[in-house]
1. Quick check on this structure: which one of B:76, B:30 is more than 7 Å from chain A (Cβ to nearest Cβ) and in contact (Cβ under 8 Å) with a residue 24 or more places away in the chain?
2. When the residues of segment A:49-63 are narrowed to those that are at the interface with chain B (Cβ under 10 Å from one of its Cβ atoms) and under 17 Å from residue A:79 (Cβ atoms), which ends up surrounded by the fewest Cβ atoms within 10 Å (Cβ to Cβ)?
3. Restricting the search to segment B:55-64, which residues are surrounded by fewer than 15 Cβ atoms within 10 Å (Cβ to Cβ) and at the interface with chain A (Cβ under 9 Å from one of its Cβ atoms)?
4. Is it fair to say residue B:17 is over 14 Å from the mean Cα position of the chain (by Cα) and at the interface with chain A (Cβ under 9 Å from one of its Cβ atoms)?
5. Taking helices (runs of 4 or more DSSP H) that fall entirely within segment A:81-159, which contain at least 3 residues that are in contact with a strand residue (DSSP E or B) (Cβ under 8 Å, 6 or more places away or on another chain), touching a residue at least 12 places away in the same chain (Cβ under 8 Å) and under 23 Å from residue A:48 (Cα atoms)?
6. Which one is modelled with the lowest pLDDT among residues in segment A:175-209 that are surrounded by fewer than 13 Cβ atoms within 10 Å (Cβ to Cβ) and part of a strand (DSSP E or B)?
7. Quick one: is residue B:42 at the interface with chain A (Cβ under 7 Å from one of its Cβ atoms), closer than 30 Å to residue A:72 by Cα, in contact with a strand residue (DSSP E or B) (Cβ under 7 Å, 6 or more places away or on another chain) and without any contact (Cβ under 8 Å) to a residue 60 or more places away in the chain?
8. So is residue A:166 over 30 Å from residue A:90 (Cα atoms) and within 13 Å of chain B (Cβ to nearest Cβ) or not?
């Protein structure tokens, strides 16, 4: 494993580590058809949008330290419905002040602030909501698992300052399974996929991944090759 | 300055609610600008790790806009004091 990835685990990184391999990978994707395998040429490529949680042969996705002959076969994020709690809270937070405005004079009659100060308070409130949405979306967006023709990379972002990157080669995968408990998960077809690796290597878990059965099938096909 | 003067100053300060709120806002906004810069930086770094070429620039721009708005709000609040 590249040592720079060890430096990235669980740490807040200020400096950017530019890798020529990444630039080469981007160039290869754009300019050099030879970098693409024959199987993928026949496969249906698609450009995932910003709220894609499952994408096969995603175009326009580049992994850091991606090799020239490495191709991303599957992009997995948590099912988009899992964002419902913070989306609902954000919507409530946006609407709430407008419901409160008629009641403000009676509730806070002892407070006497100028119009400009009230505007500043309102602006600050809404920028906090914007920040809340940005952070929550970032956590969902960057919490991603990528399956390539060589390895599986799992980027876990638990907070805006905390992340863990793990990867394993496909030939080290021993077993793969999934669990889908509860009505919500069954209705929206998402579950936890567990990828067990050899020996003392850590296992991978794709938390609340969409179409878990399909993920299992895809990875099993890759292992079987 | 005697204790009476200090007490009188504090009373004057606290009698002006607008000033108190503005000071609190400036402090909170300063912290928020710091938070916005950190979030923006993390978004840039994470986009280097997993780069979705079609959306990555938009995401970076949104994070920068967030920082700019926070800074503008802070500066305008300071100037308005």
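1. B:30
2. Only one residue fits best here, namely A:49.
3. The one that is surrounded by fewer than 15 Cβ atoms within 10 Å (Cβ to Cβ) and at the interface with chain A (Cβ under 9 Å from one of its Cβ atoms): B:58.
4. Spelling it out, residue B:17 is indeed over 14 Å from the mean Cα position of the chain (by Cα) and at the interface with chain A (Cβ under 9 Å from one of its Cβ atoms).
5. By residue number, A:115-142.
6. A:175
7. So residue B:42 fails the test.
8. Here the answer is yes, as residue A:166 does meet what is asked.
The values are calculated or read from the model by the stated rules, or taken from the named source; none is laboratory data. None of these values were measured; they are calculated from a predicted model. Every residue, glycine as well, gets a Cβ built from its backbone with ideal geometry; the counts of neighbours run over all protein chains shown.
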